[in-house]
Structures are given as structure tokens and as C-alpha cells.
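Notes follow the structure.
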Amino acid sequence: MKKIFYNWREKLWVTPAIYSFLAILLSIAFFYVDLLLVQQYQEFIPDILLTNVQLAQTIMGALAGALLTMTTFTFSTILVVLTMYSSQFSPRTLKNFVHDRLTWRVLGVFLGGFIYNTLSLMFMRDALYTHDVISTFVGIVIAFFCLSTFAYFIHHIATNVQVEKLIQELEEDAERIIDSYGEKQKQEMEIESEWNPDGFVETITAENDGYIQFLYFDKLTDYAVEHNLEVEIFHGIGSYVHEQTALFRVYQREQDEIDLHRFITIGTERTTDQDLDFAIQKMVEVALRAISPGINDPNTANGIIIRIGRLLGKVSHLETGTITITDDQQKDRIRYPFFTFDQFLYLTFHQLIHYGKEDVSVVAAIFEALTNTAQISKSARHEAIWETQLHVLEHLEGSPFKRLDRRFIQGKLDILAQVMDRRPVLLSDYLLDQEA
């Protein structure tokens, strides 16, 4: 059921379809209200709420046309924003806007309003009514609601196209994943322990090509306990697998028919539901686009890099490497290949330093991000942070930094060394071709 809900959530047409269906039901309901109840209770209904059939046809025809125009304008606005997200930020950030529930709810409201007024207009016939109707008033109320929704949608769009808003959303996505892994590790995960499974071995392969989007750890653990299984997962979330790629190795005491495909979701694109690497990568891509010659906005990139440093500090408190998930009796049930922290640092900064090494502000922001990471992280992670610093410095060999630029960067290096209680690295040792 959970997997079905996850798949349906990815379908963008569901929300507008639900609103349209509710509009159809509302239109039919008020058709019968007008037909069966209004004349009977007309003395209790204020006259201002009732209209005759001719006036109702005029009003509803005008409302239907206006709402259709608003729907078209809204759809055009959505397409413009999608184009801007793709060109200005990153193609990977499109999903942040596309999966914004408010966007599709607004479109659903407009479609629902148009459908209600159109169907109600179709029901308005002189042969059916010898009295006034109330459907028109309901249509006017819906139209006013659509108008207020449209005003809020314009405000929402104006807010969401700002890069700071997008960065905040990307940061919250990454932080949510980090917190969820942290909670799970506190409860039932432990760093690689002795793994001695026994029993009949069965390998389960992928049924289709794509990225591993979601693993239902809780359900898989319950299933393993129920069937007395020990499951080894070969690929981490975000990995690309093709058909017949080995996904699980299952150890069972008795040879029974089992199906583990329901505990994994494989799709055509990566998502940020559980994929921490992809969540950070989206922030990195926005920063890379900002420092590209076409955009040339290094200050935005610097702000993102510094935020990434804080997130990496939180990541450092996660147990990394191969993770074992235990059941209530502390028996090992699931073995999962989690990332290593030094690998995560490298994948985060290797593109940033490659494309930003000639901009002194970007280089300084990277060292400041490493300082933030070191301040938040536990001391066991300092060696990986120090190695990353040296990797960044190796990329700076031959960079065209002048005296004051080098002094500024050296100050960042000194602060990083102070935080980790180490002897500072001298930038001049890596810029041998520059005047000291």
C-alpha cells in the first residue's frame, strides 16, 4: 500500500483530476438541489441568492469563459517557471517546483471552477425549472474563490522563483534525509558488525532499469523477521541498476517462495526521498550554474557552499560504511551499503573546486564550508576533512592568485587548522610558481 501511494504521489495529474471529479459531483448535487429542494424551501432562502434561468445562463457562461482563461494563463505561467528553473538553476531542481502541491491544487481549483460552471450551464433549461435556482450563487462563490486563489498563486510564484527560496528548500530536503537516517540509526542500525548468515541462498534481481528511489527498510525488516530471513542489499539508494542486476542476496532457513520487489522502488530518475547524495548534488549543481560564465553569480554559489558545509557537519554524525539493521531481539536482519564520509566529501567538492578554482571567493567559501563542517563534526571525521582540504589545495597549483588573494585564502586555512587543532598548511607550498 505504501509503495502504491508513493507511485501515485509521483503522478502530477492526480490532484487536478480529483478536483475536477469533485466539481462534477458538486454540479450534479446542486442540480438536484435546484430541481427538488429550492422550490420547496424558497421562503427560507434570501431572494438575493436566487436567480432565474435566463440570468443564470448569462452569468455562468461568462464565468466559465473567464475561468478557462485563468486556467490557460496559470498553465502558461507554470511552463515559464519550469523553463526558468531548468536554465537558471538546474534541470534537477525542476521537481522542486513540479511537485509543489500548491501549484497543482491551484490548477485543480481553476479546472474545478470551469467544470462546475460549464455543467451547471448545461443543466439550466427552461423546461426543467419553473422557479429560481441557487446554482448560480454557488458558481459566483467558486469564481471568487478562484480569483483569490489566483492572486495567491501569483504571490507564490513570485516567491518561489527567488534563488534563496529554492536554496532553502534544497537545504531542508537534505536536512530531512539526514535527520531520518539519524533517527533510524539510533533505533535499529549499527555500524558494520560480524555478518554470518546461514541457510539457503537466493539472489533476487531487478525487474526493470532505473534508479533505486526508495527502500522500505521497516517493511523489509518485518518481512525478514516473519519469514526468518537475512537479507543483503547490494546497491545503495540512488544507484542505477539495469534489468537482471542483482539487488538482494537472501538467506533463508527453509526454501520458500519470497518476493522482495515490493520493498524497493526503481524509477527513471533520482529523487530526494531517501537519496542524500542526490539532495546535496542538487545544491552543488545550482552553485555550479551560478559560477558558470553564462550566469556569473559567484555570491549565490558561495552562500550555497557555506550551507553545504553545515549539512556535511550533520552528516558526519551518521554512521557510515556498511550498515546492519537489527530486529527487536538484536538479531541482524538487513545489511545495507551506506556511503563513507570521505567519499561523500570528495563527491561534494570535486566539481566545485574544478570549476571554481580561479575565483578567489569560491575557493575561500570552500575552505569556510570545511571549517563549518569541522566545527560541527566529531573529531573522528577531522582526518577526512583535512584530506579534502589538501585535495582542494592540489587543484590550486598554478592558479592566478595575487598577494592579497593568497593572504585572504591563507587566513581561511589558518582558521580551519585552528578548529581542528593542527598546524596550518601554507598556501605558498602549493603555489610554487607564485611570488611568496
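Before moving on, here are some points about what is shown:
- Multiplying the residue separation of Met84 and Ile28 by 0.36 nm and subtracting their alpha-carbon distance yields 16.1 nm.
- Within a Gaussian network of the chain (alpha carbon springs, distance under 10 Å), most fluctuating of Thr272, Thr130, Thr15: Thr130
- Per-pair calculated FRET efficiency, R0 = 51 Å: Asp47 and Tyr355 via Cβ, rounded to 0.05: 0.15
- Value of [θ]222 nm, deg cm²/dmol, for the chain, DSSP H segments ≥ 4, -39500 (n - 2.57) each, nearest 500: -19000 deg cm²/dmol
- Of the three principal axes defined by the Cα atoms of region 8-78, the extents in descending order read 49, 27, 16 Å.
- Extension gain, Met122 to His227: 0.36 nm times the residue separation minus the Cα-Cα distance gives 31.9 nm.
- Its Cα gyration tensor gives the chain an equivalent ellipsoid, and the semi-axes of that ellipsoid, as √(5λ) in whole Å with the largest first, are 54, 34, 16.
- Computed over protein heavy atoms with a 1.4 Å probe, the carbon and sulfur contribution to the accessible area of the chain reaches 55%.
- Residue-normalised accessible area of region 21-129, expressed per residue, 1.4 Å probe, Å²: 53
- GNM flexibility winner over the chain from Ile233, Ile308, Ile178 (Cα, springs under 10 Å): Ile233
- Crossing angle, helix 135-160 versus the chain [Cα axis fit, 0-90 degrees, rounded to tens]: 20
- Label zone at Gln39 (point 7 Å along Cα-to-Cβ), backbone N below 19 Å, region 121-136: 123-136
- Three-way shape label, region 135-183, alpha-carbon gyration tensor, a/c 1.5: oblate
- Label-reachable residues, region 381-413, where backbone N falls under 15 Å from a point 7 Å from Leu426's Cα toward its Cβ: 407, 410-411
- Rounded to the nearest 20, the size of the Cβ-charge dipole of region 280-436 about its Cα centre is 380 debye, with Lys and Arg at +1 and Asp and Glu at -1.
- Compared with the alpha-carbon gap, the fully stretched path from Leu404 to Phe73 is longer by 113.9 nm at 0.36 nm per residue.
- Ranking Leu220, His350, Gly199 by Cα position along the charge dipole of the chain, where only Lys, Arg, Asp and Glu carry charges on their C-beta atoms, puts His350 farthest toward the positive end.
- Shape class of region 218-335 from the alpha-carbon gyration tensor: prolate, with a/c at 1.5 or above and a/b greater than b/c.
The values are calculated or read from the model by the stated rules, or taken from the named source; none is laboratory data. Because the structure is a prediction, the values reported are computed rather than measured. Note that we place each Cβ from the backbone using ideal geometry, even for glycine, and neighbour counts take in every protein chain shown. These accessible areas exclude ligands, DNA and RNA; they are computed on the full protein's heavy atoms, side chains included. Shrake-Rupley method; radii C 1.70, N 1.55, O 1.52, S 1.80 Å.
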